[in-house]
Ligand code: 9MR
């Protein structure tokens, strides 16, 4: 595949999503003349990840390695999310505390947890003025430039094949009306430091989408205009950039801008993906819920807005816990903001979960034996990403497995929304907890990344 085709591979991604929600309605008239309607939304998502997947998007969260031993935290993480961003563990100070000495212990724990549970990973962040180790803070000029290039190469190579998207450069523009680059030791190495970081990351991991990520760029303003100009220039000159991340940290002094969707759209129109990368909104109750809903709807309205990540799970996990800016309270209970976000993902109001008393309960389809699978590919020299669409037969599924035959020399490096057995030869991908049950005709997608020659045969599918 040509490099321009690779850079545009987001266009080729399967975006058909699942079929629109299958809604069966039973209308009954009771003696009192009251009409009751029962709606069972067979394919409305009941978690953030499944609801987002219905719209061919991911729903992610920042994760802290030291919370992976907290069972409440992990329970919510595994149930609700299909993308994780290490909150601090992949930053320069964490991964290269001494020059040339790399430590991946905590980041590897998060990546391992994601892989075990069928989630993907947003890498954060390769080059940033903040959270640099002391030795890098004391470097300048060509020594710092060389250290930055080596850091990007080493970290992106370590995680090659395991990262959905990398925040290659974070927060490189100044706040306020100047539209200037932020002054930093990296900026003082020369204005080309950003494109050098992107080219270096592409070489190290050609399968990852490469993002520029920033805050206060969520509406049209001097800062986002400056980022827009840089991205336009990169696209024009062929600098490898695939996505722009909008952090979306909001509070009463900095609310969701009225032109949020328009701003996402103008970046998408440059021919790259946009992602909401660090969403949190201080507040409570209905006002907070409405803001989360509007952000979610804005992403769904922009076809190249490929996913939303919140910046933590419970309010108490937040970097600004006092603002209670997240979707779960400190006890792990769903807040109004959660329900509003889920409803927005489902494109309306969540249907009732229990039937009115005069109507028959929804029936669970009996276990069936049929499903089919289809394969679509994005390829580059030496590697590929495969998307497999599993569709249930007339009996529906309680679980499924798709089997893919790989050419000799080909290996799976990472899978999401499925768990693989083996990585070479004949590889079986089984459903994960949240996507095994499909109603008749319903589809779900999983993916995997591999090195070598992509598979060419249609996967086989078995249902249980
Ligand atoms: O949430 C992160 C917090 O734990 C760290 O102390 C802080 C240090 O800079 O970084 C926080 O995450 C930031 C992210 O990496 C980049 N965008 C802003 C986030 C909130 O400050």
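Just so it is clear, none of the values below were taken in a lab; they were calculated from the coordinates. Quantities reported herein were computed from a predicted structural model and do not represent experimental measurements. Virtual Cβ from ideal backbone geometry, glycine too; neighbours counted across all protein chains shown.
Quick notes on this structure:
- Spatially, region 39-107 and region 168-199 are offset by 27 Å when compared through their Cα centroids.
- Simple spin-label estimate for residue 259 and residue 93 in nanometres, 7 Å along Cα-Cβ: 3.6
- Multiplying the residue separation of residue 321 and residue 411 by 0.36 nm and subtracting their alpha-carbon distance yields 28.2 nm.
- Crossing angle, helix 105-116 versus the chain [Cα axis fit, 0-90 degrees, rounded to tens]: 30
- The length gained by stretching the chain between residue 188 and residue 74 to full extension, at 0.36 nm per residue less their Cα-Cα distance, is 36.9 nm.
- Value of relative contact order over the chain, rounded to a whole percent, pairs C-alpha under 8 Å and six or more apart: 15
- For the chain, adding -39500 (n - 2.57) for each run of n ≥ 4 DSSP H residues and dividing by the number of residues yields -8000 deg cm²/dmol at 222 nm.
- Short to long, the 10 Å bins of the Cα pair-distance histogram for the chain hold 4, 20, 30, 27, 13, 4, 1, 0, 0 percent of all pairs.
- Per-residue extension of 0.36 nm, minus the Cα-Cα distance of residue 66 and residue 150, leaves a gain of 27.5 nm for this segment.
- Theoretical FRET efficiency, 1/(1+(r/R0)^6), r = Cβ-Cβ of residue 142 and residue 266, R0 22 Å, to 0.05: 0.05
- In degrees, nearest ten, helix 285-301 long axis to first principal axis of the chain (Cα): 80
- Taking the C-alpha atoms only, the angle from helix 222-237 to the longest principal axis of the chain is near 80 degrees.
- R0 of 25 Å, Cβ-Cβ distance residue 102-residue 237: FRET efficiency to nearest 0.05: 0.20
- For the chain, share of DSSP beta bridges that run antiparallel, in % to the nearest 5: 60
- Here the relative contact order of region 66-212, from alpha carbon pairs under 8 Å that lie six or more residues apart, stands at 24 percent.
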